[in-house]
Structure formats: C-alpha cells, structure tokens
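What follows is a set of notes on a single structure, which appears directly below.
The values are calculated or read from the model by the stated rules, or taken from the named source; none is laboratory data. Please read these numbers as outputs of a predicted model, since none were measured by experiment. Glycine gets a Cβ as well: all are built from the backbone with ideal geometry, and neighbour counts include every protein chain shown.
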Amino acid sequence: MENHVVVLGCGFGGLFAAQALNGAPVRVTVIDRANHHLFQPLLYQVATAGLSAPAIAAPIRQILEAQKNVTVLMAEVQTIDTARKAVVLDGGEEVTYDFLIVATGATHSYFGHPEWERDAPGLKTLEDAFEIRRRILLAYEHAERERDPQKRAAWLTFLVIGAGPTGVEMAGTLAEISRHTLRGEFRNFDSSQARVILVEGSASVLSTYPPDLSAKARDQLERLGVTVRTESRVTGIDAEGILIGQERIAAKTVIWAAGVAASPLGKSLGVELDRAGRVPVGPELSIAAHPEVFVIGDLAAATSDGKPVPGISPAAKQMGRYAAKRILHRLRGSTDAGSTNTFPPFQYKDYGQLATIGRNAAVAIIGKLRFSGYLAWLVWLFAHIYFLIGFRNRIVVLFDWALAYWSFERNARIVVGNKDSRFHFKSPS
C-alpha cells in the first residue's frame with residue numbers, strides 16, 4: 001500500500017510541498033479551509049482596489065489537476081492526533097497519515113487586545129481584503145455626505161498600524177489613491193487632502209532592512225504624502241480612532257499591520273511553542289519525537305546556519321520542497337527514521353528582499369546590492385509577476401498595472417454590502 005502524505009494548508013509552503021511530490025509513489029491529500037491558493041504578497045492590492053481577487057488567487061484543484069496522486073479536500077482541521085497519526089476535520093471525520101506536513105501559516109496578533117480587531121482589521125485572507133476595501137471606499141462616500149468639517153476630517157484620515165512591508169505598501173497605496181485615483185470625483189471635498197498616517201512602535205520603518213534603506217523608505221513615503229510616526233505605541237483603538245499614550249487621533253478607518261501569531265493548530269502537536277506560538281522544529285523541519293510530522297512556513301520556528309528562518313514566502317517555498325524531499329528520502333530507505341546523518345539539514349537561501357512603497361518607489365536587497373527608487377520598483381514589479389501562479393494571472397496583473405500606471409485608475413472599486421453600523425448614512429440636515 002502506498003504511503004499517505006497529508007498536507008495541511010495550501011499557501012506557498014503547502015503548495016510547493018505537494019508539487020514536489022508529483023509523480024512520487026505516495027498518495028497526497030491536501031487540506032485547506034479555502035478552495036484557492038492566494039498570492040499573499042499582492043493581497044494589499046485587492047484591499048486597495050488595484051486588482052480583483054481572481055488576479056492573485058487560483059483554485060487549488062485547478063493548480064493540482066494534472067497531479068494524479070493528489071486529492072484536495074476543502075475542510076477546516078480541528079486538531080491533530082500525533083499518537084494515532086490522524087487529523088480531525090470540522091465535520092468530525094478523520095484523515096490518517098503516514099507523513100504529515102503542517103503549513104497552516106499565521107493569523108493576526110493584537111498583542112493581548114483581541115477587542116481591537118473589530119475596528120482595526122488585519123490583512124491575511126481575501127475576506128480581510130474585501131472588508132478593508134469596503135471600509136476605505138465607504139469612508140470617502142461618507143465624507144461626501146458629511147457637512148461637519150471635523151467629522152469629515154475623521155472620515156478622511158486613514159491610519160495604518162505597523163511599518164513592516166505590508167504596512168508600508170498599504171500606506172503608500174492609500175496616499176496614491178487620495179492624491180491621484182480619486183482626484184476630481186467628489187464635489188464636496190478634495191480627496192488629495194485625505195491624511196494617511198503610518199504608526200510604528202519601533203524607531204524605524206522596515207526595521208528588518210539596513211538603516212540606510214529604512215531611511216530611504218521613510219523618505220519615499222513622506223514624499224508620497226504619508227505622515228510617518230515612529231516610536232509611537234498604540235494604547236487604544238475604537239470606532240472613532242486610536243490612542244498613542246494619551247494622544248487621541250480621530251480616524252474612521254484603521255488598518256492593522258503590526259503583528260502576526262502562528263496558527264493555533266500548532267497547539268495540538270504536543271510540543272512547547274515559542275513566544276509567538278510557533279512550533280520549534282529540528283534541522284530536518286520535523287518535531288521532536290515525531291519525525292513523520294513536518295512543520296513549515298510561518299508556523300515553524302526554524303533555524304538555518306544558526307539564524308532564524310524569516311516568515312516570508314521564499315522561505316516557505318524552500319521549506320515545502322525540503323519536507324517533500326525529506327519524505328521521499330525516508331521512503332527510499334536511505335536512512336533510519338529520524339536520522340539526519342545522510343541527509344543534509346535544511347538551509348535557507350536568501351535571494352533578497354523587496355518592498356514597494358508606491359509609484360516608482362521601492363527598496364531592494366539582492367545579494368550585496370542595495371538600491372531604492374525606480375529601479376527597485378521595476379525589480380519588485382517583474383519579480384511579483386514572475387512568481388504569480390498561472391499564466392492568465394500574470395497577463396491580467398501586467399495589464400492592470402500598466403493601465404493603472406498611465407491612467408491612475410483602480411478598476412476594482414466595487415462595494416457590496418453595508419452591514420457595519422458605522423457606515424449607516426444620516427440624511428443631510
């Protein structure tokens with residue numbers, strides 16, 4: 001009987017693990033709570049109406065259709081029973097495995113304040129992107145109908161909390177929307193007067209980048225019209241704005257990009273987690289006492305050459321491929337279960353870092369090269385098109401970006417639903 005490999009999650013790590021098992025003498029079952037693989041680095045473009053959802057997502061079944069040893073299940077995994085080698089799904093059914101690859105990623109972390117999530121949504125899924133896009137577009141609609149200048153100013157203030165890559169990209173795009181995309185569309189206010197504020201608790205934006213590139217990123221943000229506030233820790237969030245210490249900033253639209261927490265599924269693996277809720281793994285990416293269970297991607301606390309493996313998509317892809325190769329090596333009988341003597345440990349290869357800030361503005365590290373501005377933006381643009389899943393998506397995104405570059409248009413500006421009570425309009429007096 002063929003060995004059964006179960007892959008939980010079809011993000012970058014899970015997808016690349018499944019694809020690396022193509023043609024192998026194993027049965028593969030991929031389980032994900034969504035029916036699509038999401039190209040998460042461009043999710044902020046959906047949230048800011050630059051791209052439609054199908055441009056950055058593809059059905060998992062379609063991607064893996066030609067891989068005849070793969071079965072795809074759309075289900076939510078409730079728990080993992082490592083003793084019985086089984087995963088329990090939301091309907092109560094169980095799926096047994098010989099090898100398990102856990103790639104369920106991360107979720108939002110509000111640093112002990114889960115109540116903030118209602119008024120400051122994070123960005124991890126398409127549902128998150130739709131909600132953020134709805135709030136952004138409705139804020140302008142509400143401002144058009146608001147007669148009180150102070151209240152209108154609150155609707156036209158957009159706060160982004162967290163100055164990592166997602167926060168920087170979001171803030172830069174919001175500034176572009178207000179100053180270019182929406183200019184001239186409203187009659188009762190000038191959209192270019194909207195305020196975009198980026199709030200960061202540490203001393204710099206893009207803190208994982210070298211200081212010179214971090215400083216250039218901040219300079220490019222400010223040239224786009226973003227107000228950058230570093231060393232500013234948020235102490236409160238509600239429907240009317242945020243608190244930084246005792247200072248109140250009125251804003252109707254707040255977006256959370258400050259922290260992530262590992263998938264709660266890691267708790268069921270029976271190992272002690274790190275402070276971020278991640279699962280410590282050995283050099284072969286498996287957990288202690290269970291060499292048949294591999295944890296990869298954002299859920300894994302892994303090291304390479306003594307350094308932590310970063311929680312970014314290239315690392316997840318490499319981990320996925322490695323876990324699959326490790327399983328096949330085990331099945332060939334080249335080494336005893338759990339031994340790493342004849343199989344090299346996982347080594348992360350850093351091919352560089354890219355972060356876009358806005359039109360013609362980005363920072364990049366590739367090998368020993370560090371650069372910013374227009375050239376970095378071009379590298380970012382073509383790299384993201386190249387790594388998109390599916391030829392059609394590459395063509396669609398390239399066309400949409402070319403159109404947006406020359407016309408400043410953002411064509412995915414459709415709002416459906418208005419259920420949040422904060423957006424119920426009052427009749428003008």
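I need the full set of residues from the range 164-184 which are farther than 17 Å from residue 135 by Cβ, touching a Ser or Thr at 6+ places or on another chain (Cβ under 7 Å) and outside any helix (DSSP H, G or I), in order please.
Hit for the range 164-184 is 183, nothing else.
Which of the numbered conditions does residue 346 fail, given that it passes all the others? Conditions: (1) of a type outside the set (A, V, I, L, M); (2) part of a helix (DSSP H, G or I); (3) modelled with pLDDT of 85 or more.
(2)
Just one of 21, 38, 51, 64 is in contact with a helix residue (DSSP H, G or I) (Cβ under 7 Å, 6 or more places away or on another chain), modelled with pLDDT under 95 and not small (Gly, Ala, Ser); which is it?
Answer to the selection: 51.
For residue 138, indicate whether it is buried (at least 22 other Cβ atoms within 10 Å of the Cβ), in contact (Cβ under 8 Å) with a residue 12 or more places away in the chain and in the same structural domain as residue 404 (by TED's automatic domain parsing).
Criteria not met by residue 138.
If residue 248 satisfies all but one of (1) within 30 Å of residue 146 (Cβ to Cβ); (2) of a type in the set (Lys, Arg); (3) in contact (Cβ under 8 Å) with a residue 24 or more places away in the chain, what's the number of the condition it fails?
(3)
Just one of 213, 273, 224 is assigned by TED's automatic domain parsing to the domain that holds residue 408 and within 23 Å of the chain's Cα centre (by Cα); which is it? Give the derivation first.
Numbers: 273 fails: assigned by TED's automatic domain parsing to the domain that holds residue 408; 224 fails: within 23 Å of the chain's Cα centre (by Cα).
Going through 213, 273, 224 in turn, just one is assigned by TED's automatic domain parsing to the domain that holds residue 408 and within 23 Å of the chain's Cα centre (by Cα): 213.
With respect to residue 147, determine if the residue is touching a residue at least 24 places away in the same chain (Cβ under 8 Å) and surrounded by fewer than 19 Cβ atoms within 10 Å (Cβ to Cβ).
Considered against the rule, which asks whether it is touching a residue at least 24 places away in the same chain (Cβ under 8 Å) and surrounded by fewer than 19 Cβ atoms within 10 Å (Cβ to Cβ), residue 147 comes out as yes.
Note down all Cβ pairs under 9 Å where the first residue falls in the range 95-116 and is among the aliphatic types (A, V, I, L, M) and modelled with pLDDT under 95, the second is surrounded by 24 or more Cβ atoms within 10 Å (Cβ to Cβ) and not in a loop (DSSP other than H, G, I, E, B), and they're at least six residues apart or on different chains.
Short answer, once both residue conditions are applied: 106/262; 106/297; 106/298; 106/299.
In the set 198, 159, which member is under 12 Å from residue 136 (Cα atoms) and under 26 Å from the mean Cα position of the chain (by Cα)?
159
Across the range 386-429, which residue is modelled with the lowest pLDDT among those that are surrounded by 10 or more Cβ atoms within 10 Å (Cβ to Cβ), part of a helix (DSSP H, G or I) and aromatic (Phe, Trp, Tyr)?
For the range 386-429, the residue satisfying everything is 423.
If residue 385 meets every condition in (1) among the β-branched types (Val, Ile, Thr); (2) touching a strand residue (DSSP E or B) at 6+ places or on another chain (Cβ under 6 Å); (3) free of Cβ contacts under 8 Å to residues at least 60 places away in the same chain apart from one, which number is that one?
(2)
Filter the range 14-29 down to residues that are farther than 15 Å from residue 77 by Cβ and not in a loop (DSSP other than H, G, I, E, B), then give me how many there are.
Number satisfying all stated conditions: 9.
So, residue 75, is that one within 25 Å of the chain's Cα centre (by Cα) and modelled with pLDDT under 95 or not?
Answer is no for this residue.
Hey, residue 301 hits all of (1) over 23 Å from the mean Cα position of the chain (by Cα); (2) touching a residue at least 12 places away in the same chain (Cβ under 8 Å) but one; which does it fall short on?
(1)
What about residue 296, is it buried (at least 19 other Cβ atoms within 10 Å of the Cβ), modelled with pLDDT of 95 or more, over 16 Å from residue 106 (Cβ atoms) and out of contact with any Asp or Glu (no Cβ under 6 Å at 6 or more places or on another chain)?
On the way: buried (at least 19 other Cβ atoms within 10 Å of the Cβ): yes; modelled with pLDDT of 95 or more: yes; over 16 Å from residue 106 (Cβ atoms): no; out of contact with any Asp or Glu (no Cβ under 6 Å at 6 or more places or on another chain): yes.
When the stated conditions are applied, residue 296 does not pass them.
Restricting attention to the range 321-333, does a residue exist that is in a strand (DSSP E or B), on the phi < 0 side of the Ramachandran plot and modelled with pLDDT of 95 or more?
no
Looking at 286, 268 in this structure, which one is surrounded by fewer than 17 Cβ atoms within 10 Å (Cβ to Cβ), more than 22 Å from the chain's Cα centre (by Cα), not assigned by TED's automatic domain parsing to the domain that holds residue 125 and not hydrophobic (A, V, I, L, M, F, W, C)? Show your work before the answer.
On the way: 286 fails: surrounded by fewer than 17 Cβ atoms within 10 Å (Cβ to Cβ).
Only one candidate qualifies: 268.
Is it fair to say residue 60 is touching an Asp or Glu at 6+ places or on another chain (Cβ under 8 Å), closer than 30 Å to residue 332 by Cβ, aliphatic (A, V, I, L, M) and surrounded by 17 or more Cβ atoms within 10 Å (Cβ to Cβ)?
yes
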